[in-house]
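Here's the structure we're looking at; comments come further down.
Just so it is clear, none of the values below were taken in a lab; they were calculated from the coordinates. Fair warning: this is a prediction, and the values are worked out from it, not measured in the lab. For neighbour counting, all protein chains shown are included, and Cβ atoms are generated from backbone atoms with ideal geometry for every residue, glycine included.
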Amino acid sequence: MRVDLYGLAFETPRVTVHLWSPWRASALEHRLFELIKGLPRVELEKSPDEWRLLVADPKTWKAAVQAVARVLKGWQEEADPGSERRTWRWLVEGDTDAHGYEQTGDPASVWLLVRVSLERGTPGEPEKGEDIDLEGFSVRVWANDIA
């Protein structure tokens, strides 16, 4: 299937959405995961340390990206006006060895992570910024099988 993330297009057999250590994940990470879980044609897999959503339909993927954006835009709007500014962005990362495999031995893939930023301060005070990676929530775009 072909998946698109704001103009970056990937050919992939499937996408997996992870919620790592669900008992430690933040409320925002749970909101993102639960919203995608409610989409049609999504399969849920649970293990003790992680929950996974399997997405193999491009329309479902598009709806998932839109749902994540809606939740994060709502989170931005919850900021205290005048003293807090919130932003968010997707981080795209991946690594591979010379043979096309990740350090775990799986075929190379691209990981999509979310980073949120908080900037706090009032007039007359220096701004205090903080970047927080939502490490409990991530998306794996699988590589096509390596021959």
So which lysines pass the test for LYS37, namely a Cα distance under 23 Å, with those fewer than 8 places away in the same chain ruled out? LYS46, LYS59, LYS62, LYS73
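Helix-only mean residue ellipticity at 222 nm, the chain, DSSP H runs n ≥ 4 weighted -39,500 (n - 2.57), per residue, nearest 500. What is it? Could the numbers behind the result be given before it?
On the way: 2 runs with 31 residues, N = 147.
Result for the chain: -7000 deg cm²/dmol, rounded to the nearest 500.
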Sorted largest first, the Cα spans of region 34-147 on the principal axes come out in Å as 61, 36, 28
For region 1-91 the translational diffusion coefficient, Stokes-Einstein from a Kirkwood Rh over Cα pairs at 4 °C and viscosity 1.567 mPa s, in µm²/s, is roughly 90 µm²/s
Normalising by the residue count of the chain, find the relative contact order in percent from Cα pairs under 8 Å and 6+ residues apart. 27 percent
For the peptides 92-101, 14-23, what is the packing order when you average, over each peptide's residues, the other Cβ atoms within 10 Å and list the highest mean first? 14-23, 92-101
Can you work out the base-10 log of I(q)/I(0) for region 57-107 at q = 0.15, 0.23, 0.29 1/Å, using the Debye formula on its C-alpha atoms alone? -0.68, -0.87, -1.02
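In what sequence, highest mean first, do 70-83, 43-56 appear when ranked by Cβ atoms within 10 angstrom? Don't jump to the answer; show the numbers that get you there.
On the way: 70-83: 12.2, 43-56: 14.0.
Answer by packing, highest mean first, reads 43-56, 70-83.
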